[in-house]
Amino acid sequence: MRDLLASAAARFEAVGIETPRVDAELLLCEALGISRGQLLLIENVSDEQRAAFEAFVLKREQRMPLQHVVGRAAFRRIEVEIGPGVLTPRPETELLVDAALKHVASRRGAGERVQIVDLCSGSAAMTVSLAIEAGDADVVGLEFVAPAYEWGRRTGESFAVAIAAAGSTLDLRRGDVVGCEARELADLVGRVDVVVSNPPYIPTWAVPRDPEVPLHEPAEALYGGEDGMQFVDAVVAAGRALLKPGGLLVIEHGDLQGEAGEVSVPRRVRELGGFEEVADHFDLARRPRYTTALRDSSLL
């Protein structure tokens, strides 16, 4: 087992994977059907397990995301199935859920239900997490890309019992975020407490720093036009129409699109208007990661 791990880690390191030993251990655990905590108890590996591990290593060596290799990804309290055609949920996106939950807790009255919308919902990891963790919430997810919508639907079905136990509802709709406030989400205009979104925001000319992204992630979930703002603008327009006065808009963005960026999401939100208390926020690595804004309360 130790030889297998050392060999795989060396191969991963040779192709530039940042966490070679951790990835090797996680893939060996997958091949053995055990948790990482049990790995130290294993000494010998069968030929069948060795073959399964080698198949995993080959895929990861080709820079397939670890989550795609094993077919699932952890996100907050849940684990969702993923595969070709859907963006891999990332730890940074969990911060958007924190912001949404904090707002809900600060504004919700006793026994009051909340309405939440997740635009560009993809795998529905964030959508389902909000439904479960907010509790007594009506959560709508909107996704345009057919394969991603199907993955999201599977996620919703997997956690239907947990969502119901939290007193929440989940409604996954298929549609384009551009102009959705006049079509797929017209019934929610002026009724929403929180709009969250992790839209495509990479400029079409940019090359993502991690090879896994352009090689294995769907382009439709990555690129947002020449300046990266095509879908950000659509999310802001939808948020302006959907949110109640004082409702919260939360948008994820690239680390070069914060306040100091040449193209800046917080500045764009201010320019488009209809919001107050626009603020940018850092991820755990202290990189600009998401923008929040409140629907103009002067409309009250």
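The values are calculated or read from the model by the stated rules, or taken from the named source; none is laboratory data. Just so it is clear, the model here is predicted, and its values are computed rather than measured. Please note: Cβ atoms are built from the backbone with ideal geometry, for glycine as well, and neighbour counts cover all protein chains shown.
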Item to check | Residue among Gln49, Gln67, Gln115 that alone is in contact with a strand residue (DSSP E or B) (Cβ under 7 Å, 6 or more places away or on another chain) and outside the structural domain of Glu133 (by TED's automatic domain parsing) | outcome: Gln67
Item to check | Arg50 surrounded by fewer than 24 Cβ atoms within 10 Å (Cβ to Cβ) and either more than 18 Å from Arg173 (Cα to Cα) or of a type in the set (S, T, N, Q) (or both) | outcome: yes
Checklist entry - Which one of the conditions (1) surrounded by 17 or more Cβ atoms within 10 Å (Cβ to Cβ); (2) farther than 23 Å from Asp98 by Cβ does Val195 fail to meet, given that it meets all the rest? => result (2)
Checklist entry - Tally time: how many residues in the range 171-181 are assigned to a helix (DSSP H, G or I) and out of contact with any Leu (no Cβ under 9 Å at 6 or more places or on another chain)? => result 0
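Wholly within the range 31-119, which helices (runs of 4 or more DSSP H) include no fewer than the required count, namely at least 2 residues that are within 30 Å of Asp136 (Cβ to Cβ)? Before you say what the answer is, go through the steps one by one.
Working: elements: 47-61, 66-70, 94-107.
Filter on the range 31-119 gives 94-107.
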Checklist outcome for this item: Condition set more than 15 Å from Glu13 (Cα to Cα) and free of Cβ contacts under 8 Å to residues at least 40 places away in the same chain, scope the range 58-89, selection surrounded by the most Cβ atoms within 10 Å (Cβ to Cβ): answer is Pro89
Checklist outcome for this item: Cβ pairs under 9 Å, 6+ apart or interchain, first in the range 161-173 and under 12 Å from Ala137 (Cβ atoms), second at pLDDT 95 or above and of a type in the set (Asp, Glu), ordered by first then second residue, are Ala166/Glu133; Ala166/Asp136; Gly167/Asp136; Ser168/Asp136; Ser168/Asp138; Thr169/Asp138; Leu170/Asp138; Asp171/Asp138
